[in-house]
2 protein chains.
Amino acid sequence: MDSRKEQILKAIIKEYIFGAEPVSSKTIVNRYGLNVSSATIRSEMAALETLGYIKQPHISSGRVPAASGYRYYVDYLMDSDNILNEFNLLDVNTNNLKDINNYLKEVAIILAGLSNYTVIITEEKQGEDKIHHLKLVGLLEDKALLVLVLSSKKVKDYVLSFMEKISDDDLIKLTDILNYHLIDKNLDSITLELKQEILNIFPDSPLLVDEIFKIILIALNEEKNVDFIVEGMKNIFKLPEFNEVKKIESFINTLGDQERVSKIFDNILGQEKGKIDIKIGDEIGIEELIDFTVIATNCSFCDGIQGKIGIIGPTRMFYEKNITLLESLFKKKEE
Amino acid sequence: MDSRKEQILKAIIKEYIFGAEPVSSKTIVNRYGLNVSSATIRSEMAALETLGYIKQPHISSGRVPAASGYRYYVDYLMDSDNILNEFNLLDVNTNNLKDINNYLKEVAIILAGLSNYTVIITEEKQGEDKIHHLKLVGLLEDKALLVLVLSSKKVKDYVLSFMEKISDDDLIKLTDILNYHLIDKNLDSITLELKQEILNIFPDSPLLVDEIFKIILIALNEEKNVDFIVEGMKNIFKLPEFNEVKKIESFINTLGDQERVSKIFDNILGQEKGKIDIKIGDEIGIEELIDFTVIATNCSFCDGIQGKIGIIGPTRMFYEKNITLLESLFKKKEE
DNA sequence: ATTTAGCACTCTCAGACTTAAAGTGCTAAA
DNA sequence: TTTAGCACTTTAAGTCTGAGAGTGCTAAAT
């Protein structure tokens, strides 16, 4: 790859990213003045095609970048983009962080708006959670709040409705008993026997204890299930190359399938925060996303929660802009 | 409208609902044996067309129901459908109702699956909420939970992180002060002066008081904003008549726009629970949904929360099935 | 007064053909 | 090594054609 070939490859890619149409030798001469004729460009293009960096949709058309062309571009040719360094993405509504999911959703919506692509965010679940401690807080005559503090420092809570009257004293007593027996217990160690043991000590409200056990199991189980926030899917309608019902259906269905979507983050599993991963076309490993590129990174959110963010767009993505977007997000988090 | 015309209209509609293709006079003779020839059907069809109940996509094609044809069908011709009376829709995960939104989302997903159309659910916000009372519950050294019980009996809570150390005694003291001043206050009456008053009595943690005020304002404000849960949009890909990118884009964009979507429920505002409202085509009042039908009803969920559910599908909807679906949902709620 | 057989008419859909435009590859000369 | 020139290929859009589906109308039958 001599420098002129690189210049031409870069020109083809920039042109194609912008216009989504095959790029002709003449266009390159006109817009990227290399002081050679279109014939020269043509022979260079033939060489680039042999190298696998570009291809022709049909024999007499202009050239389109191949996946390996984008890869070469990303690895060696890309300019960095300084325009976007002043994001303040994480000022989003930082007051109301009780529900991490709402927060992540807002981040996703904003990122999708800025990128004009689709954004996927997922919270990283770390191993098994235990009960750090719990509290029962009386609210109204017939309601109390069960607050669970988990070993991951996450707080979860649930409203309980009583059939039977329960006094504040009883609530305190029950809280003590539950804490005594449940602290440091994980999903597996919350057994029927344990429940029986507690029922023996506190036989007053068997239904309530039952309910509490159910909720705890659900809460701990929830912590094992990763879920994905996907925003900006409708941005696909802005891309002329996906102007077919089949393609849109396949895209929407694929991003609705958590199992497939999780593959998007395979490369950054266990990587350090801030490292930007770029997967182009089949590098993603999802057949239906062969015409897409994913830019992803690990990220930490408020309260030390770990997560992953991915931007998914066409292979002819505005790489610089979106890489900078994720980088700036990361920087903000660190300061 | 004599009985034979009604039979023919019904046949055309049933046939079109099933096949999404113009219905010919011959098809009716073959499948709905009315003991007349196709020529007779044709002259009846011409009459039905004059009445506005059916129309022809082009001059020499079969007939397609017009909006008023569906309306006539729904009002006078429809069979009721008893097949679906054993739904147990509301057994969904009823243990984990802390977050009403998650619950509604699950209901929407299940209904979308059963109907094969798109389901919209919204929680009804009733007027202005006040603070019934609040509690501060210590969790970890540097964290507490602010629990707000609203006059609507809704419980909302938020994790607070302290900069400064706060003792349990201080939390109790602050709780008392806040309750004394904030009980029965609504969004408008939580003023700067009020905050100042509290700061005068409890000057120890100005930042914390600040934070709590912010959160309360957000919480009360949230109660004013209705939001919509939309599930099953991708079912549109199963409908051959929407097999065009433009149509799908318009549908998805329209359902993403809360202002327009809220119109779907206009007819059932203030109606009694369980009343099923059917809006066909332009009756919906949303230009982009001219080819859709909405079936909607008021509904009450767990803990007495009021909501609205709508099923949105093509005008050639399986009316009986989806009406029964919503009705059975309502019945289950009541028992 | 209705119903129906028969036929002319209309429209769609798919395939074949045509032409203009865009772009390439190759060759021979610079 | 570069380039001008030209033959060649392909697409995209337009036109034509014939088959098929379905109607509306008319005149005869019930």
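The values are calculated or read from the model by the stated rules, or taken from the named source; none is laboratory data. These numbers come from a predicted model, not from an experiment. Cβ coordinates were reconstructed from backbone atoms using ideal geometry, including for glycine residues, and neighbour counts include every protein chain displayed. These accessible areas exclude ligands, DNA and RNA; they are computed on the full protein's heavy atoms, side chains included. Shrake-Rupley method; radii C 1.70, N 1.55, O 1.52, S 1.80 Å.
Does segment A:196-210 contain at least one residue that is on the phi < 0 side of the Ramachandran plot, without any contact (Cβ under 8 Å) to a residue 24 or more places away in the chain and within 10 Å of another protein chain (Cβ to nearest Cβ)?
Of the residues in segment A:196-210, the ones on the phi < 0 side of the Ramachandran plot are A:196-210.
Pick out the ones that are also without any contact (Cβ under 8 Å) to a residue 24 or more places away in the chain and you get A:196-200, A:203, A:206, A:210.
Pick out the ones that are also within 10 Å of another protein chain (Cβ to nearest Cβ) and you get none.
Looking for residues that are on the phi < 0 side of the Ramachandran plot, without any contact (Cβ under 8 Å) to a residue 24 or more places away in the chain and within 10 Å of another protein chain (Cβ to nearest Cβ), one finds none in segment A:196-210, hence no.
For every residue, the table says whether it meets (1) within 29 Å of A:V261 (Cβ to Cβ); (2) in a strand (DSSP E or B).
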position: A:I120; (1), (2): yes, yes
position: A:G127; (1), (2): yes, no
position: A:L134; (1), (2): no, yes
position: A:A144; (1), (2): no, yes
position: A:K156; (1), (2): yes, yes
position: A:L160; (1), (2): no, yes
position: A:E164; (1), (2): no, no
position: A:D170; (1), (2): no, no
position: A:T175; (1), (2): no, no
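Take B:Y16 and tell me if it is away from DNA strand C (no atom under 15 Å from the Cβ), surrounded by 16 or more Cβ atoms within 10 Å (Cβ to Cβ), in contact (Cβ under 8 Å) with a residue 12 or more places away in the chain and farther than 13 Å from B:L77 by Cβ. Lay out the reasoning, then the answer.
On the way: away from DNA strand C (no atom under 15 Å from the Cβ): yes; surrounded by 16 or more Cβ atoms within 10 Å (Cβ to Cβ): yes; in contact (Cβ under 8 Å) with a residue 12 or more places away in the chain: yes; farther than 13 Å from B:L77 by Cβ: yes.
Against the criterion (away from DNA strand C (no atom under 15 Å from the Cβ), surrounded by 16 or more Cβ atoms within 10 Å (Cβ to Cβ), in contact (Cβ under 8 Å) with a residue 12 or more places away in the chain and farther than 13 Å from B:L77 by Cβ), B:Y16 qualifies.
Please tell me if A:S161 is over 22 Å from B:H132 (Cα atoms) and modelled with pLDDT under 90.
On the way: over 22 Å from B:H132 (Cα atoms): no; modelled with pLDDT under 90: yes.
Taking the combined requirement at face value, the residue does not satisfy it.
Given the structure, is A:E272 part of a loop (DSSP other than H, G, I, E, B), out of contact with any helix residue (DSSP H, G or I) (no Cβ under 8 Å at 6 or more places or on another chain) and either open to solvent by less than 30 Å² (accessible area, probe 1.4 Å) or among the charged types (D, E, K, R) (or both)?
Taking the combined requirement at face value, the residue satisfies it.
Got at least one residue in segment B:248-256 being in contact (Cβ under 8 Å) with a residue 12 or more places away in the chain, more than 14 Å from chain A (Cβ to nearest Cβ), small (G, A, S) and not in a loop (DSSP other than H, G, I, E, B)?
So far as segment B:248-256 goes, no, none of its residues is in contact (Cβ under 8 Å) with a residue 12 or more places away in the chain, more than 14 Å from chain A (Cβ to nearest Cβ), small (G, A, S) and not in a loop (DSSP other than H, G, I, E, B).
I'm trying to understand the selection: among the residues of segment B:275-298, which are surrounded by 23 or more Cβ atoms within 10 Å (Cβ to Cβ) and more than 26 Å from B:E249 (Cα to Cα)?
B:T297
Give segment B:257-291 a look and list any residue that's at negative phi and free of Cβ contacts under 8 Å to residues at least 24 places away in the same chain, or say none. Show your work before the answer.
To start, the set of residues in segment B:257-291 that are at negative phi comprises B:257-269, B:271-273, B:275-280, B:282-284, B:286-291.
Matches in segment B:257-291: B:D257, B:E259, B:K263, B:D266, B:L269, B:K275, B:D277, B:K279, B:I284, B:E287, B:I290.
Restricting to segment A:94-112, and then to whatever is open to solvent by less than 50 Å² (accessible area, probe 1.4 Å) and at pLDDT 90 or above, can you tell me which residue is farthest from the other protein chains (Cβ to nearest Cβ)?
A:L111
Taking only segment B:210-246 into account, find how many residues are open to solvent by 20 Å² or more (accessible area, probe 1.4 Å), among the charged types (D, E, K, R) and in a loop (DSSP other than H, G, I, E, B).
The total comes to 3.
With respect to A:D2, is the statement that it is away from DNA strand D (no atom under 13 Å from the Cβ) and open to solvent by 30 Å² or more (accessible area, probe 1.4 Å) true?
On the way: away from DNA strand D (no atom under 13 Å from the Cβ): no; open to solvent by 30 Å² or more (accessible area, probe 1.4 Å): yes.
No; evaluated as a whole, the condition is false for this residue.
Hey, can you tell me all the residues within segment A:183-205 that are of a type in the set (A, V, I, L, M, F, W, C) and open to solvent by less than 40 Å² (accessible area, probe 1.4 Å)?
Within segment A:183-205, A:L187, A:I190, A:L194, A:I198, A:L199, A:F202 qualify.
Tell me whether segment A:275-294 contains one or more residues that are in contact with a strand residue (DSSP E or B) (Cβ under 8 Å, 6 or more places away or on another chain), among the hydrophobic types (A, V, I, L, M, F, W, C) and within 14 Å of chain B (Cβ to nearest Cβ).
Taking every residue of segment A:275-294 in turn, none turns out to be in contact with a strand residue (DSSP E or B) (Cβ under 8 Å, 6 or more places away or on another chain), among the hydrophobic types (A, V, I, L, M, F, W, C) and within 14 Å of chain B (Cβ to nearest Cβ).
Among the residues of segment B:25-33, is any assigned to a loop (DSSP other than H, G, I, E, B), more than 11 Å from DNA strand C (Cβ to nearest atom) and open to solvent by less than 30 Å² (accessible area, probe 1.4 Å)? So that I can check it myself, show each step before the final result.
Here is the first cut: in segment B:25-33, the ones assigned to a loop (DSSP other than H, G, I, E, B) are B:33.
Going one step further and asking which of them are more than 11 Å from DNA strand C (Cβ to nearest atom), we end up with B:33.
Add one more test, that the residue is open to solvent by less than 30 Å² (accessible area, probe 1.4 Å), and what stays is none.
Checked segment B:25-33: no residue is assigned to a loop (DSSP other than H, G, I, E, B), more than 11 Å from DNA strand C (Cβ to nearest atom) and open to solvent by less than 30 Å² (accessible area, probe 1.4 Å).
Looking only at segment B:35-48, which residues are surrounded by 15 or more Cβ atoms within 10 Å (Cβ to Cβ) and part of a loop (DSSP other than H, G, I, E, B)?
If the condition is that a residue be surrounded by 15 or more Cβ atoms within 10 Å (Cβ to Cβ) and part of a loop (DSSP other than H, G, I, E, B), then B:V36 is the only one that fits.
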